[in-house]
1. Looking at the stretch 50-68 only, could you name the residues that are aliphatic (A, V, I, L, M) and either touching a residue at least 60 places away in the same chain (Cβ under 8 Å) or within 19 Å of Asp112 (Cα to Cα) (or both)?
2. I'm trying to understand the selection: among the residues of the stretch 94-108, which are touching a helix residue (DSSP H, G or I) at 6+ places or on another chain (Cβ under 8 Å) and within 14 Å of Thr68 (Cβ to Cβ)?
3. Only residues that are modelled with pLDDT of 95 or more, surrounded by fewer than 18 Cβ atoms within 10 Å (Cβ to Cβ) and small (Gly, Ala, Ser): list them for the stretch 50-63, please.
4. Can you pull out every residue in the stretch 64-113 that is surrounded by fewer than 12 Cβ atoms within 10 Å (Cβ to Cβ) and assigned to a loop (DSSP other than H, G, I, E, B)?
Amino acid sequence: MVELIEYVLVFAVSAGVAGAGLAVVGGAMPGLEQVSYASVADQIGAAASLAVAQGRSVSVVVPLADATVACDSGTLSVTEGGGTRDYALYFPCSFDLRGLDGDCTLDFSSADAVALEAAC
């Protein structure tokens, strides 16, 4: 009888710890996705800023899922997964690429204005 009680207690504690672990991981996953999105968006913003600062072509390869990369009046906007991040380029630009999906190569260049070519 003592062994049965010990078994039930060990099982209950183990199940409780496992359940708490799943709850923590389940709650953390949306946060990890947001960090991943922000990282990709920051890479795109940095490539565009570098193209402006150095006056040369800069390429970046990033994984995207139905993303939009647009620029108007010197502000670059990256939209993916319902979130948008804006980057001030302080340089003329006018493009709007929508539906970027997969591993995409983004080529930023700047002469008189920032230009973007994408291949996914």
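1. Leu50, Ala51, Val52, Ala53, Val58 - these are the residues of the stretch 50-68 that are aliphatic (A, V, I, L, M) and either touching a residue at least 60 places away in the same chain (Cβ under 8 Å) or within 19 Å of Asp112 (Cα to Cα) (or both).
2. Leu106
3. Ser57, Ser59, listed by residue number.
4. Scanning the stretch 64-113 gives Ser73, Gly82, Tyr90, Ala111, Asp112.
Every residue, every condition in (1) under 16 Å from Val114 (Cβ atoms); (2) modelled with pLDDT of 55 or more; (3) over 13 Å from the mean Cα position of the chain (by Cα), yes or no:
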residue: Glu3; (1), (2), (3): no, no, yes
residue: Gly27; (1), (2), (3): no, no, yes
residue: Ser36; (1), (2), (3): no, yes, no
residue: Val40; (1), (2), (3): no, yes, no
residue: Ala48; (1), (2), (3): yes, yes, yes
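The values are calculated or read from the model by the stated rules, or taken from the named source; none is laboratory data. Keep in mind that this is a model prediction, so the values were computed, not measured. Methodologically, a virtual Cβ is constructed for each residue, glycine included, from the backbone with ideal geometry; neighbour enumeration extends over all protein chains shown.
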